[in-house]
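Report on one structure; see the data block that follows.
The values are calculated or read from the model by the stated rules, or taken from the named source; none is laboratory data. On a predicted model such as this, the values are computed, not experimentally measured, just so you know. Glycine also receives a Cβ, built like all others from the backbone with ideal geometry; neighbour counts cover every protein chain displayed.
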Amino acid sequence: MAIRVMLVDDQVLLRTGFRMVLAAQPDMEVVAEAGDGAEAVEILRSTAVDVVLMDVRMPRLDGVEATRRIRARTDPPKVLILTTFDLDEYAFSGLKAGASGFMLKDVPPGELLSAIRSVHSGDAVVAPSTTRRLLDRFSPMLPSGRKEPQDKHVEKLTGREREVMMLVAQGLSNGEIAARLVLSEATVKTHVGRILTKLGLRDRVQVVVLAYETGLVRAGGGTG
């Protein structure tokens, strides 16, 4: 079955460009479009969608709040935040709101298609190193409000799981972690899955966000 995609952006020309790229793919179908977050939330009440490409700066309801409302639903679609370099702080907020990642609006078509397929299969789409650069820049401006000691968030983890979590948060892929720890990639993937389960997180993007929010990893890539 084709991946059902929804385009949410207040710029008609951008939606048209994305639609043309997606329409050329045999495994994708644009099933809905919206010009702002409020319209998107309303359309999703009656339209089945797998992946939402979500702009952040829109009238009436921005993409961050729209993402939060969409992801709060039962069995919601995945959300990819669309951003530009000067709006990266919105992308950070979007990740916290439940998005599976973010893409730049001028992303090459091949990368966009790959990202949509990855999100649809349940993966986080942004390269961990890209996420880390974003968090390095903006996490000091976005206090989480968490009051618990940082160790409380990871006390359920084994020593090896905590080690893997730190490397995920520092921007390493599963393959890079495997090489660093002299493990198989499958073993690293198992560790990451257990970390997500124990900490109640959705994907590795949330692992990175949690590590920065709690001070386990500091801006600049150091560990706490």
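Looking at (1) modelled with pLDDT of 65 or more; (2) part of a helix (DSSP H, G or I), which is the one condition that is false for L61?
Unmet condition: (2).
Which residue pairs have Cβ atoms closer than 7 Å, lie 6 or more positions apart in sequence or on different chains, and pair a first residue in region 5-24 that is without any contact (Cβ under 8 Å) to a residue 40 or more places away in the chain with a second residue that is among the hydrophobic types (A, V, I, L, M, F, W, C)?
Matching pairs, first to second residue: R15/L7; R19/L7; R19/V30; A23/V30.
With G17, G35 as the choices, which residue is assigned by TED's automatic domain parsing to the domain that holds R117 and surrounded by fewer than 18 Cβ atoms within 10 Å (Cβ to Cβ)?
Details: G35 fails: surrounded by fewer than 18 Cβ atoms within 10 Å (Cβ to Cβ).
Just one listed residue meets the conditions, G17.
Would it be correct to say that V12 is in contact with a Lys or Arg (Cβ under 7 Å, 6 or more places away or on another chain) and either assigned by TED's automatic domain parsing to the domain that holds A115 or of a type in the set (S, T, N, Q) (or both)? So that I can check it myself, show each step before the final result.
Working: in contact with a Lys or Arg (Cβ under 7 Å, 6 or more places away or on another chain): no; either assigned by TED's automatic domain parsing to the domain that holds A115 or of a type in the set (S, T, N, Q) (or both): yes.
Taking the combined requirement at face value, the residue does not satisfy it.
Restricting to region 1-52, name every residue that is under 20 Å from the mean Cα position of the chain (by Cα), under 16 Å from D75 (Cα atoms) and not in a helix (DSSP H, G or I).
Across region 1-52, the qualifying residues are I3, R4, V5, M6, L44, V49, D50, V51, V52.
Any idea which of (1) of a type outside the set (S, T, N, Q); (2) in contact with a helix residue (DSSP H, G or I) (Cβ under 7 Å, 6 or more places away or on another chain); (3) buried (at least 23 other Cβ atoms within 10 Å of the Cβ) is the one L44 doesn't satisfy?
(3)
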